Amino acid sequence: MNVILLGPPGVGKGTQGELLMEALGWERIATGDLLRAARREGTELGRKAQEYMDAGELVPDDLIVALVEERLEDLSSDTGVLFDGFPRTVPQAEALSEVLPRVGRELGGVVVFECPDEVLQKRISGRRHSPDSGRVYNVYFDPPETEGICDEAGTPLVHRQDDRPETVARRLEVYKEQTAPLIRHYENSSTPVLRIDGDQSMDEVQTALRSALDEELGVGDSGA
Ligand code: AMP
């Protein structure tokens, strides 16, 4: 089973994907995480992606498709895969539908997470990371005890360049212009499209996601 998690930045795809991965024993291919790792490692891909990411723009399709293809080739075709943050454009979706059969896979469904822009703006632009403990805070919803300092590590928190309000606004625009058309693209295909309300607590979203996957795709705790 291969499932795409689709939705605007900040809707909680990453968190939900991780919870699902733990529950079902699937692999997750999160292109944003892979690109950030490439940047930390200073690879050629990381250097090429940096400018686009910091401006809230999409990294060119050919770089992303090559990255995903490489990851898929490394995985056994028995493992379920969650695509998180990919595809983000119609050409990426078309490339995925060519790559999947080549690696012995088939797309099972697309999950669309929905949430109002104002909520997304606060969720993303309020995020602060601790490079030392790895903990993520939110200045609106989950602030540290001392402003700007990690409770666990006692060291300063970081505001990611692409989480700054002006970049967040651009990321939301890019989602509407380039990624949201994928919903129609998949609705016009034979792939099931499931819609989940992302404006709920993390646990509520996970419960809704698990029951939608179970009811509509027959994906339960047993894996499949
Ligand atoms: P994310 O963590 O998924 O929000 O991704 C962070 C940034 O990485 C995005 O704003 C894009 O610049 C880039 N990125 C991640 N996935 C893709 C993709 N599938 N296509 C193009 N750019 C991407």
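How do the helices (runs of 4 or more DSSP H) wholly within region 30-127 filter down when requiring 3 or more residues that are open to solvent by less than 20 Å² (accessible area, probe 1.4 Å) and among the hydroxyl-bearing types (Ser, Thr, Tyr): which remain? It comes to none. Out of everything in region 28-66 that is aliphatic (A, V, I, L, M) and touching a strand residue (DSSP E or B) at 6+ places or on another chain (Cβ under 9 Å), what residue ends up being farthest from the ligand (Cβ to nearest atom)? Restricting to residues being aliphatic (A, V, I, L, M) and touching a strand residue (DSSP E or B) at 6+ places or on another chain (Cβ under 9 Å), the top hit is Ile29. Restricting attention to region 141-155, which residues are exposed (fewer than 11 other Cβ atoms within 10 Å of the Cβ) and out of contact with any helix residue (DSSP H, G or I) (no Cβ under 8 Å at 6 or more places or on another chain)? Answer for region 141-155, where residues must be exposed (fewer than 11 other Cβ atoms within 10 Å of the Cβ) and out of contact with any helix residue (DSSP H, G or I) (no Cβ under 8 Å at 6 or more places or on another chain): Glu145, Thr146, Glu147. Scanning region 210-224 for residues that are hydrophobic (A, V, I, L, M, F, W, C) and either open to solvent by 40 Å² or more (accessible area, probe 1.4 Å) or out of contact with any helix residue (DSSP H, G or I) (no Cβ under 6 Å at 6 or more places or on another chain) (or both) turns up Ala212, Leu213, Leu217, Ala224.
Residues that are in contact with a strand residue (DSSP E or B) (Cβ under 9 Å, 6 or more places away or on another chain) and free of Cβ contacts under 8 Å to residues at least 24 places away in the same chain were ranked within region 185-214; the one that is farthest from Phe86 (Cα to Cα) is Glu204. Leu182 meets all of the listed conditions (1) over 24 Å from Ser201 (Cβ atoms); (2) in a loop (DSSP other than H, G, I, E, B); (3) touching a strand residue (DSSP E or B) at 6+ places or on another chain (Cβ under 8 Å) but one, namely (2).
For Pro181, indicate whether it is free of Cβ contacts under 8 Å to residues at least 12 places away in the same chain, surrounded by fewer than 18 Cβ atoms within 10 Å (Cβ to Cβ) and over 22 Å from Glu18 (Cα atoms). So Pro181 does not fit the description; no. Pairing each residue of region 142-158 that is touching a residue at least 24 places away in the same chain (Cβ under 8 Å) with any residue that is of a type in the set (Ser, Thr, Tyr) and in a strand (DSSP E or B), provided the two are 6+ apart or on different chains, yields C-beta distances under 9 Å for Leu157/Tyr137.
The values are calculated or read from the model by the stated rules, or taken from the named source; none is laboratory data. Note that the coordinates shown come from a computational prediction; the quantities given were computed from them, not determined experimentally. Counting neighbours? That spans all protein chains shown, and the Cβs are built from the backbone with ideal geometry, glycine included. Side chains included, ligands, DNA and RNA excluded: accessible areas come from the protein's heavy atoms. Shrake-Rupley method; radii C 1.70, N 1.55, O 1.52, S 1.80 Å.
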